[in-house]
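Since every read-out is calculated from the coordinates, none of them should be taken as a lab result. What you see is a predicted model; the values in this text were computed from it and never measured. Every residue, glycine as well, gets a Cβ built from its backbone with ideal geometry; the counts of neighbours run over all protein chains shown.
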Amino acid sequence: MDFKKLFNLQKQLDTRILNEHNLQGNRYFSQKTLALQVEIGELANETRCFKYWSNKGPSEKQTILEEFVDCLHFILSIGLDKNYDDIQPKAYDDCIDVTEQFLSLFVDVNDLLTCGSKDDYKTLFNDFLTLGKILNFSEEDIENAYLRKNNINHDRQTSGY
């Protein structure tokens, strides 16, 4: 996956949002972090991995992938805010249960909030990509879905979303 390209595309979108909403000079770390937590929750909800009480299966793979890249947008944006856009994250080979991986992500986000180190960010990104691996998304799937959603996000800005 071309992370440099993804960070650059996210930077363009973030800059556009800041300019069009007259938010220059402001950093929205808390809002972005909460947005990421909400998106991770929405992703978990689509997988239904924690719904032990239900027989209903997960949403379609494409729906889950769309939620996954919503999270990716915020992870990239947070990395840009922290100047951590030079990392090369990768999924771990020793994958755990999908529910446990979601819980790890929430811990990672908390660690990033409390400490905010580059290592915390890299761990979050690595764990996120590991979740993608558990969900059977290829790097190509993720990158292509990100590009599609990035275009949608630009269209939304144009239409006054």
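Going by the structure shown, is TYR146 farther than 24 Å from THR47 by Cβ and among the aromatic types (Phe, Trp, Tyr)? No, not satisfied. Determine whether the stretch 99-122 contains at least one residue that is of a type outside the set (Ser, Thr, Tyr) and under 18 Å from ASP2 (Cα atoms). Scanning the stretch 99-122 turns up at least one residue that is of a type outside the set (Ser, Thr, Tyr) and under 18 Å from ASP2 (Cα atoms). Among the residues of the stretch 121-161, the ones that are in contact (Cβ under 8 Å) with a residue 24 or more places away in the chain and β-branched (Val, Ile, Thr) come to 3 in all.
Within the stretch 137-156, restricting attention to residues that are polar (S, T, N, Q) and surrounded by 15 or more Cβ atoms within 10 Å (Cβ to Cβ), which residue is farthest from LEU9 (Cα to Cα)? Step by step, filter the stretch 137-156, then rank; the result is ASN153.
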